[in-house]
Amino acid sequence: MAEKTVLVIGGGISGITVASELAHLGIPTTLLEKEASLGGLAGSFCCKASESCNRCFACVVDKKCSETRARQDFSIFTQTTVTHLEGAPGAYRVSLKKGKEKLSLDVSAIVVATGIDPYDASLKPEYGYGLYRNVITARDLDEMLRFRGTVLRPSTGQGPKSIAFFQCVGSRDESIGHLYCSQVCCAYALRLIKAIRHAHPEITATFLYMDIQPAGASFQQFLDSCRQDKGIRLIRSLPSKVYHSPVSEDVRVRFIDPEKDEVVEETFDLIVLSVGMVLRKDSRELAQSLGLTFTEDGFLASPPPHTGLFVAGACHGPKDIDRSILHAKSTALQVLDYLRGRF
């Protein structure tokens with residue numbers, strides 16, 4: 001086993017988990033990350049605790065990254081990309097590029113854990129992202145809370161009094177060919193709402209949704225606490241369009257009120273778009289160089305295990321942090337079985 005090595009491509013939570021698990025099993029492993037630091041998309045998430053922990057797992061990512069940087073039982077290459085693959089299962093040669101330097105690795109197996117990108121909300125122009133300053137994405141809000149410590153209206157730099165959260169932006173949308181559910185957006189937005197309401201009880205939140213997807217065993221209790229909060233409205237309706245007031249820079253939303261069964265229009269200080277997940281563009285290029293295929297939803301399909309190629313985490317399909325970690329651990333065991341000749 002000591003002669004059999006593994007390359008893990010992607011230094012987000014899934015890649016870190018796979019590399020850590022394999023190294024713990026005594027398998028020589030190299031972790032590859034194209035950015036300057038580890039953590040991936042989830043590495044920029046804020047803690048969403050309110051009066052108690054809301055199990056967003058952002059702290060788990062931070063802890064895993066810190067632990068990984070301190071480890072010495074596997075190699076880490078940052079700012080490095082794959083340029084070419086040759087060889088056969090069990091005996092791959094991978095060409096790498098790190099700045100101007102060119103490297104090569106001989107490995108027995110390869111794990112692709114390149115993560116996802118948030119859907120580009122500007123591709124839904126009816127919601128005004130990129131056009132109106134007070135329309136932001138949940139990712140923008142997350143970074144605002146992490147790095148600025150509070151929520152502000154971009155137009156004024158002042159705190160909002162009312163926020164509307166739109167769900168399913170870029171998911172479950174036949175008009176753009178994304179029929180899948182991104183699975184994490186509902187819980188993600190509600191955790192942001194709870195964190196904001198805990199820090200700023202004067203801010204009211206309106207949550208506009210199609211269906212609320214469960215997220216873990218304790219999610220129903222968490223959802224019930226949201227419904228009991230008088231400062232949170234959960235309305236089963238998706239907005240049709242956002243209108244902008246040039247003077248006040250308030251944003252108006254038109255949607256069907258299910259209780260009145262009629263179209264209503266409301267004004268908000270801030271709109272937050274919960275964008276879905278899409279496969280990273282560079283993951284498509286990598287997949288072509290590795291000979292990987294795609295699922296019907298456009299994510300990376302699992303190759304036959306005898307190929308020595310494996311896919312882990314959200315690039316395989318939408319997953320939250322918790323499920324990405326579980327999938328990565330399962331993938332590490334599949335790699336172990338492959339190296340032991342069980343496929």
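The values are calculated or read from the model by the stated rules, or taken from the named source; none is laboratory data. What you see is a predicted model; the values in this text were computed from it and never measured. Because the Cβ atoms are built from the backbone with ideal geometry, glycine has one as well, and the counts that use them run over all protein chains shown. Please note that ligands, DNA and RNA were not included when accessible areas were found on the heavy atoms of the full protein model with its side chains. Shrake-Rupley method; radii C 1.70, N 1.55, O 1.52, S 1.80 Å.
Rank Ile76, Ile176, Ile212 by mean-square fluctuation in a GNM of the chain with C-alpha springs under 10 angstrom and give only the top-ranked residue. Maximum among the listed residues: Ile176. Listed peptides 115-122, 254-261 appear in the order 115-122, 254-261 once ranked by packing, highest mean of other Cβ atoms within 10 Å at the front. Normalised by the residues of region 119-276, what does the relative contact order come to in percent, with Cα pairs under 8 Å and at least six apart? Relative CO of region 119-276 lands at 32 percent. Can you give the % of DSSP beta bridges in the chain that are antiparallel, to the nearest 5? The answer is about 50 percent antiparallel. When the Gaussian network model of the chain links Cα atoms closer than 10 Å, the mean-square fluctuations of Leu38, Leu152, Leu179 top out at Leu179.
Residue ranges 17-27, 62-72, 263-273 sort as 17-27, 263-273, 62-72 when ordered by packing (mean number of other C-beta atoms within 10 Å per residue, highest first). Note: relative contact order over the chain, using C-alpha pairs below 8 Å and six or more positions apart, is 21 percent. In this structure, Glu285 and Asp337 have a Cβ-Cβ separation that, at R0 = 25 Å, corresponds to a calculated FRET efficiency of about 0.30. The stretch between Arg133 and Asp62, if pulled fully straight at 0.36 nm per residue, gains 22.5 nm over its current Cα-Cα span.
Please calculate how many Å² of accessible area the chain carries per residue, with a 1.4 Å probe and no DNA, RNA or ligand atoms counted.
47 Å²
Overall dimensions of region 201-267, expressed as equivalent-ellipsoid semi-axes from the Cα gyration tensor (√(5λ), whole Å, largest first), are 26, 15, 11. Helix 13-24 and the longest principal axis of the Cα set of the chain meet at an angle near 30°.
Principal-axis analysis of the Cα atoms of the chain puts helix 185-199 at an angle of about 60° to the longest axis. Round to the nearest 0.05 the FRET efficiency obtained for Ser240 and Asp120 when R0 = 25 Å and r is the Cβ-Cβ distance. For R0 = 25 Å, the calculated efficiency reads 0.80.
Take each peptide in 128-135, 182-189, 155-162, count the other Cβ atoms within 10 Å of every residue, and average; sorted highest first, the result is 182-189, 128-135, 155-162. Could you work out which residue, out of Glu262, Glu143, Glu35, moves most in a Gaussian network model of the chain, that is, has the largest mean-square fluctuation with Cα springs under 10 Å? Residue with maximal mean-square fluctuation among Glu262, Glu143, Glu35: Glu262. The label-point distance for Cys47 and Glu202, in a model that sets each label 7 Å from Cα toward Cβ, rounds to 2.5 nm. Against the empirical 2.2 N^0.38 Å (N residues), region 119-276 has a Cα radius of gyration ratio of 0.98. Taking label positions 7 Å along the Cα-Cβ direction at both Thr81 and Ser175, the computed distance is 3.3 nm, reported to one decimal. A Förster radius of 22 Å combined with the Cβ-Cβ distance from Lys161 to Val264 puts the calculated FRET efficiency at roughly 0.70. Using only the C-alpha atoms, the convex hull of the chain corresponds to 146 Å³ per residue.
Hey, how much of the P(r) for region 246-320 falls beyond 19 Å, as a percent of Cα pairs?
Tail of P(r) above 19 Å: 57 percent of Cα pairs.
Within the chain, what whole-number % of the accessible surface is contributed by carbon and sulfur, with the 1.4 Å probe and all protein chains included in the calculation? Of the solvent-accessible surface of the chain, carbon and sulfur hold 50 percent.
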